[in-house]
Amino acid sequence: MSETKTKVVEKTVKTGISFGSALAMVISYTAWKSIGWAIFHGLLSWVYVIYYIIRY
């Protein structure tokens with residue numbers, strides 16, 4: 001049972017990180033029109049998304 005829960009958590013974390021990165025890149029590209037900034041903000045992931053929500 002514990003092994004199943006671990007796999008579910010790992011899969012959820014990977015999905016959350018991927019979604020956060022994609023969301024950060026889309027927000028960044030829409031705001032700044034720069035692929036370089038979009039990649040950088042994608043690496044920051046949820047940190048940039050939360051910053052953008054608070055700032056704008």
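Computed values, structure above
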item	result
Subset of the range 26-56 [closer than 19 Å to G16 by Cβ and outside any helix (DSSP H, G or I)]	S45
Any hit, the range 4-17, residues being assigned to a helix (DSSP H, G or I), surrounded by 12 or more Cβ atoms within 10 Å (Cβ to Cβ) and not basic (K, R)	yes
Qualifying residue in the range 44-56 (condition: among the polar types (S, T, N, Q) and loosely packed, with under 11 Cβ neighbours inside 10 Å)	no
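Values in this text are rule-based calculations from the coordinates and carry no lab data. Because the structure is a prediction, the values reported are computed rather than measured. Methodologically, a virtual Cβ is constructed for each residue, glycine included, from the backbone with ideal geometry; neighbour enumeration extends over all protein chains shown.
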